[in-house]
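Notes follow the structure.
The values are calculated or read from the model by the stated rules, or taken from the named source; none is laboratory data. Keep in mind that this is a model prediction, so the values were computed, not measured. FYI the Cβ positions are ideal-geometry reconstructions off the backbone, even for glycines, and counts take in every protein chain you see.
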Amino acid sequence: MSDAEPNTAEANVATLRRLLELEPLTSTSASRESDFFIGHSQYKPDGRVFGGQVLAQCVVAAAATLPKDRLIHSLHGYFLRAGDVSEPIEFGVERLRDGRSFSARRVHAYQKNAPILSLIASFQDEQEGLEHAEAMPTGLPAPEDCPDVRDIVRDDESAQATEWLKKRPFEVRPVESSLYLKSTDDRQRHEQHVWFRASSHFGDDPVLNAAALAYASDFNLLEPVLRRQGLTWTSPGLRVASLDHAMWWHRPVRVDEWMLYVQESPSAQGGRGLGYGRIFSRSGQLLATVAQEGMVRVKTQHSEVTP
């Protein structure tokens with residue numbers, strides 16, 4: 001983790017852990033088929049709730065209705081409305097099914113009496129079975145040899161260091177040129193690679209680690225769409241918004257250890273772009289697979305940008 005600002009790094013991770021401590025509410029369902037929780041949001045300069053935060057909180061809410069050894073293995077969710085960081089979020093968990101080894105939960109995140117995120121998640125007891133996995137790419141620089149994106153933004157006169165980057169509880173170290181800069185040397189590249197880990201010690205709770213990985217998986221998964229189109233985050237008129245998110249956990253994770261996020265964009269069309277990513281441990285194990293479609297538009301005089 002970065003040698004600079006260690007206290008800030010620890011504070012950012014502590015904030016994430018507090019955000020994952022949801023407050024249970026008394027259920028109004030006599031059959032206990034629904035459970036309710038309240039959560040809060042971290043600050044973002046634009047006032048909108050970070051989508052990865054809500055995903056992570058939904059994972060924690062759903063897991064709270066299950067035995068501790070039945071862990072999440074997949075989720076599929078839709079971002080429905082922008083959230084407001086100044087308002088609490090209510091999470092409603094519906095117990096869809098509990099089988100011998102699998103459980104399913106539906107989670108809705110609400111603000112102002114309207115859902116901002118809707119997802120279904122599946123959980124499974126640990127079991128043995130067939131195994132195979134894609135191999136991690138080789139020949140890439142180590143995370144220690146890649147710059148932290150916060151340092152890239154701080155050192156580049158054309159980019160503004162934001163409070164959001166400063167307060168993120170993860171180190172993010174892109175292998176290729178950062179798209180936070182106005183120009184890059186590898187535009188229209190098919191694939192990008194990002195090293196990341198929690199900025200300080202996170203602990204070994206498997207539920208919180210799985211939730212934190214969901215949080216971090218939403219950082220930059222639409223960047224390959226921009227990279228293939230020769231765009232950066234500073235491109236004039238660019239409008240990007242996440243529409244949905246799917247994630248599969250293949251193996252237990254420790255988010256305070258280095259992981260490699262291998263990302264690409266198979267398709268872009270109709271004002272939408274698809275990002276696809278595989279997350280590997282530093283030792284080469286495939287930990288998770290993620291996919292996200294987003295609204296990606298370059299605003300013109302007559303274009304609409306609201307998803």
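Could you go through segment 234-255 and let me know if any residue there is modelled with pLDDT of 95 or more and of a type in the set (Phe, Trp, Tyr).
yes
Is it the case that some residue within segment 166-173 is more than 19 Å from Glu264 (Cα to Cα), at pLDDT 85 or above, within 23 Å of the chain's Cα centre (by Cα) and in a loop (DSSP other than H, G, I, E, B)?
yes
Tell me which of these Lys182 doesn't satisfy, since it passes every other one: (1) of a type outside the set (Phe, Trp, Tyr); (2) crowded, with 19+ Cβ neighbours inside 10 Å; (3) out of contact with any helix residue (DSSP H, G or I) (no Cβ under 8 Å at 6 or more places or on another chain).
Every condition holds for Lys182 apart from (2).
Within the bounds of segment 275-285, is there any residue that is out of contact with any Ser or Thr (no Cβ under 9 Å at 6 or more places or on another chain) and among the hydrophobic types (A, V, I, L, M, F, W, C)?
Yes, segment 275-285 contains a residue that is out of contact with any Ser or Thr (no Cβ under 9 Å at 6 or more places or on another chain) and among the hydrophobic types (A, V, I, L, M, F, W, C).
Out of all the residues in segment 257-274, which are assigned to a strand (DSSP E or B), touching a Phe, Trp or Tyr at 6+ places or on another chain (Cβ under 8 Å) and in contact (Cβ under 8 Å) with a residue 12 or more places away in the chain? Before you say what the answer is, go through the steps one by one.
Initial filter on segment 257-274 (assigned to a strand (DSSP E or B)): 259-269, 272-274.
Still in the running and touching a Phe, Trp or Tyr at 6+ places or on another chain (Cβ under 8 Å): 259-266.
Listed by number, the residues that qualify are Met259, Leu260, Tyr261, Val262, Gln263, Glu264, Ser265.
Restricting to segment 199-229, give me the number of residues that are closer than 15 Å to Arg272 by Cα, buried (at least 20 other Cβ atoms within 10 Å of the Cβ) and not charged (D, E, K, R).
Number of matching residues: 5.
Could you check, for segment 154-167, whether at least one of its residues is surrounded by fewer than 18 Cβ atoms within 10 Å (Cβ to Cβ), basic (Lys, Arg) and under 19 Å from Ser217 (Cβ atoms)?
yes
May I ask you to say which residue of Thr232, Thr289, Thr300 is assigned to a loop (DSSP other than H, G, I, E, B), at negative phi and crowded, with 17+ Cβ neighbours inside 10 Å?
Numbers: Thr289 fails: assigned to a loop (DSSP other than H, G, I, E, B); Thr300 fails: crowded, with 17+ Cβ neighbours inside 10 Å.
After applying the criteria, what remains is Thr232.
Out of curiosity, is Leu117 surrounded by fewer than 22 Cβ atoms within 10 Å (Cβ to Cβ), under 18 Å from Ser217 (Cβ atoms), among the hydrophobic types (A, V, I, L, M, F, W, C) and touching a helix residue (DSSP H, G or I) at 6+ places or on another chain (Cβ under 6 Å)? Quick ask: steps written out before the conclusion?
Numbers: surrounded by fewer than 22 Cβ atoms within 10 Å (Cβ to Cβ): no; under 18 Å from Ser217 (Cβ atoms): yes; among the hydrophobic types (A, V, I, L, M, F, W, C): yes; touching a helix residue (DSSP H, G or I) at 6+ places or on another chain (Cβ under 6 Å): yes.
Taking the combined requirement at face value, the residue does not satisfy it.
From the list Val253, Val207, pick out the single residue that is within 23 Å of Arg18 (Cα to Cα), in a helix (DSSP H, G or I), of a type in the set (A, V, I, L, M) and more than 12 Å from the chain's Cα centre (by Cα).
Working: Val253 fails: in a helix (DSSP H, G or I).
After ruling out the rest, the residue left standing is Val207.
Any idea which residue in segment 256-292 is farthest from the chain's Cα centre (by Cα), counting only those that are over 24 Å from Arg227 (Cα atoms) and of a type in the set (D, E, K, R)?
Once the filter is applied, the top-ranked residue is Arg282.
May I ask you to verify whether Ala133 is closer than 30 Å to Glu191 by Cβ and either in contact with an Asp or Glu (Cβ under 8 Å, 6 or more places away or on another chain) or outside any strand (DSSP E or B) (or both)? Break it down into steps so the answer makes sense when it comes.
Details: closer than 30 Å to Glu191 by Cβ: yes; either in contact with an Asp or Glu (Cβ under 8 Å, 6 or more places away or on another chain) or outside any strand (DSSP E or B) (or both): yes.
Spelling it out, Ala133 is indeed closer than 30 Å to Glu191 by Cβ and either in contact with an Asp or Glu (Cβ under 8 Å, 6 or more places away or on another chain) or outside any strand (DSSP E or B) (or both).
Might you check whether a residue that is of a type in the set (A, V, I, L, M), over 22 Å from Glu94 (Cβ atoms) and modelled with pLDDT under 95 occurs anywhere in segment 11-31? Spell out how you get there, then give the answer.
Restricting attention to segment 11-31, the residues satisfying the condition of being of a type in the set (A, V, I, L, M) are 11, 13-14, 16, 19-20, 22, 25, 30.
So of that shortlist, the ones also over 22 Å from Glu94 (Cβ atoms) come out as 11, 13-14, 16, 19.
Filter again for modelled with pLDDT under 95, leaving 11.
Among the residues of segment 11-31, at least one is of a type in the set (A, V, I, L, M), over 22 Å from Glu94 (Cβ atoms) and modelled with pLDDT under 95, which makes the answer yes.
For residues in segment 253-286 being over 14 Å from Glu191 (Cα atoms) and β-branched (Val, Ile, Thr), which is surrounded by the most Cβ atoms within 10 Å (Cβ to Cβ)?
Residue satisfying both the conditions and the ranking: Val255.
Would you pick out the residues in segment 95-139 that are among the hydrophobic types (A, V, I, L, M, F, W, C), out of contact with any strand residue (DSSP E or B) (no Cβ under 6 Å at 6 or more places or on another chain), at pLDDT 95 or above and more than 21 Å from Leu80 (Cα to Cα)?
Our first condition is that a residue be among the hydrophobic types (A, V, I, L, M, F, W, C); within segment 95-139, this holds for 96, 102, 104, 107, 109, 114, 116-117, 119-121, 123, 130, 133, 135-136.
Now narrow it down to the ones that are out of contact with any strand residue (DSSP E or B) (no Cβ under 6 Å at 6 or more places or on another chain): 114, 130, 135.
Then drop every residue that is not at pLDDT 95 or above, which leaves 114, 135.
Selection gives Ala135 alone.
List pairs: first residue in segment 67-81 and in a loop (DSSP other than H, G, I, E, B), second residue of a type in the set (Asp, Glu) anywhere in the structure, Cβ distance under 7 angstrom, at least six positions apart or on different chains.
So the pair list comes out as Asp69/Asp125; Asp69/Glu126.
Got at least one residue in segment 124-138 being in contact (Cβ under 8 Å) with a residue 24 or more places away in the chain and within 19 Å of the chain's Cα centre (by Cα)?
Taking segment 124-138 as the starting set, the residues that turn out to be in contact (Cβ under 8 Å) with a residue 24 or more places away in the chain are 124-127, 133-137.
Okay, now just the ones that are also within 19 Å of the chain's Cα centre (by Cα), so none.
The answer is no, given that none of the residues of segment 124-138 is in contact (Cβ under 8 Å) with a residue 24 or more places away in the chain and within 19 Å of the chain's Cα centre (by Cα).
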